[in-house]
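The values are calculated or read from the model by the stated rules, or taken from the named source; none is laboratory data. From a predicted model like this one, the values you see are computed outputs, not experimental measurements. All Cβ positions, glycine included, derive from the backbone under ideal geometry; neighbour counts span all protein chains shown. Keep in mind that these areas ignore ligands, DNA and RNA; they rest on the heavy atoms of the full protein, side chains included. Shrake-Rupley method; radii C 1.70, N 1.55, O 1.52, S 1.80 Å.
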Amino acid sequence: MKFRNQRDWLGTIQAVAVVFCSALFIAVLQSPFALAQGSKIKVGRTVGGSGFHIPSYVAMDRGFFKSEGLDAAFIATTGGVLVRAAIAKEIDFVPIPAGGSEAILQGAPLIFLVGQSLISQWTLTTTPDIKRVEDLKGKTIGLGRPGSADYSEIVVTLGKNFKMEPGKDYKVIAFGGEPDRVAALINRSIQAGVLSFPHAARAEKEGMKVLLKTGDYIPRLGGSFLTHRDNLKDKRDVVKRFIRAMAKADEFVKSNKKETIHVIQKYFEIDDAAVNEGIYKQVADAYSPELPTELVKALFESRATPELGWPKGKPLPDLEQYVARDLLNEVLKELGKKPSR
């Protein structure tokens, strides 16, 4: 190319530079890093911490959300509020499988994405004078709200296995958070409380005892994340990165005891090293990103009762429509893991 003078040469160089910089700017904006920087998400968690949700705490504190380009913030409140917020698209991801499945059966546009716990982590923890379940007749048990997972699972466990019914064989007081139940046990306002493993360990430190574990009677999904169905269409990449972060966090818990214990200490505010290690031993192998079909079925069956508004005798629909199985398996395959069953 020939130039008539220096001005023409400079003008051409400037024009090329402008085109190059514009192309570079567009490429940067479209890069995964740039897109990731703008991916703000709200992640639900329950008040007081939950043993079912430890992988999500790890994903937040050990940078798994961040490494996937997600600017994540926790929103802590009760399970019922979290489910309603997900339906209203006010919170992006909520780990409330029992309330979420109940809402789905009532027509809520929610869908399951990725698992956390595959075993029930509820215990019936009592004052030391209670020696057997039958000793609770006439006594007071601290539960969550009616319809919550802890309420339903202990009522089912006591009813099916010990022929004990709430209101008839034992009294019930509802507590919003597990720390309140621990405090009530210690001051003897109640004689038993439904506590997840971490809070049960704290209660044991104060002289209480674990009388039974619902996991010995009920298999279940715990802490599985749901999102609004629209997010699969409108924010598919964000949802996929969220699933990937959670899958990595599930694996991290198994293989990184020390760092996981640090997270447990932070979210459950327990300074006793022995208690924190005890919690870790209870939950280390409890987590997986999978959503096994048999546990999905068991979950929905537990919510399809006349007491919760499901017509007696009405069969459940095809439950796979409520699980983002293809997207979950896509992520698991990319991570070199077996597909969810």
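When the inverse distances between all different Cα atoms of region 246-341 are averaged and flipped, the Kirkwood radius reads 16.2 angstrom.
In a fully extended conformation the segment linking Asp285 and Lys163 would gain 40.8 nm over its present Cα-Cα distance, using 0.36 nm per residue.
Eigen-decomposition of the gyration tensor built on the alpha-carbon atoms of region 225-269 gives equivalent ellipsoid semi-axes of 28, 12, 7 angstrom, largest listed first.
Our helix-only sum for the chain, with -39,500 (n - 2.57) per DSSP H run of n ≥ 4 divided by its residues, gives a mean residue ellipticity at 222 nm of -14500 deg cm²/dmol. Of all beta bridges that DSSP places with both ends in region 117-198, some 40 percent have antiparallel geometry. Each residue of region 311-328 was assigned a 3J(HN,Hα) from its phi angle through the Karplus expression (A = 6.51, B = -1.76, C = 1.60, θ = phi - 60°), giving x, 4, x, 6, x, 6, x, 5, 6, 5, 5, 9, 10, 7, 5, 4, 5, 4 Hz with x at Gly and Pro. Charged side chains reduced to their Cβ positions (Lys and Arg at +1, Asp and Glu at -1) give region 299-341 a dipole of some 140 debye around its Cα centre. In this structure region 195-341 gives 48 Å² per residue of accessible area when probed at 1.4 Å with all protein chains present. For region 58-209, the residue among Ile190, Gly63, Phe175 whose Cα projects farthest onto the positive side of the dipole built from Cβ charges is Ile190.
A simple spin-label model places pseudo-atoms 7 Å from Cα toward Cβ; at Lys131 and Asp318 they are separated by 5.6 nm.
Quick one: angle between helix 149-162 and the longest Cα principal axis of the chain, in degrees between 0 and 90, rounded to 10, please. Value to nearest ten degrees: 30.
The trypsin sites (Lys or Arg not before Pro) of region 103-166 that DSSP puts in a loop, and whose beta carbon has at most 16 other beta carbons within 10 Å, are Lys131, Arg132, Lys137, Lys139, Lys163. Taking Cα atoms only, the orientation of helix 273-283 departs from the longest principal axis of the chain by about 80 degrees. From the coordinates of this entry, Rg/Rh (Cα atoms, Kirkwood Rh) is computed, and it appears in (1) 1.13; (2) 1.15; (3) 0.97 under the label (1).
A Förster radius of 51 Å, combined with the Cβ-Cβ distance separating Lys139 from Leu232, puts the computed FRET efficiency at roughly 0.65. Ordering Val43, Gly144, Phe242 by the projection of their Cα atoms onto the charge dipole of the chain, which places +1 on the Cβ of Lys and Arg and -1 on the Cβ of Asp and Glu, puts Phe242 at the extreme positive end.
Springs join every pair of Cα atoms under 10 Å in this Gaussian network model of the chain, and among Gly222, Gly51, Gly177 the largest mean-square fluctuation is at Gly177.
When both bridge partners sit in the chain, DSSP labels roughly 50% of those beta bridges antiparallel. For Asn256 and Ala88, the difference between the fully extended length at 0.36 nm per residue and the C-alpha to C-alpha distance is 56.9 nm. The longest part of the chain holding none of the exposed loop GluC sites (Glu not before Pro), meaning those outside H, G, I, E and B in DSSP with at most 16 other Cβ atoms within 10 Å, is 91-205.
Taking 0.36 nm per residue of separation and subtracting the current Cα-Cα distance, fully stretching the chain between Lys66 and Leu308 would add 83.3 nm. For region 137-142, backbone phi angles converted through the Karplus equation (6.51, -1.76, 1.60; θ = phi - 60°) give residue-by-residue couplings of 4, x, 8, 10, 10, x Hz, Gly and Pro being listed as x. Modelled spin-label separation between Ile186 and Ile173, with each label point placed 7 Å from Cα along the Cα-to-Cβ direction: 1.5 nm.
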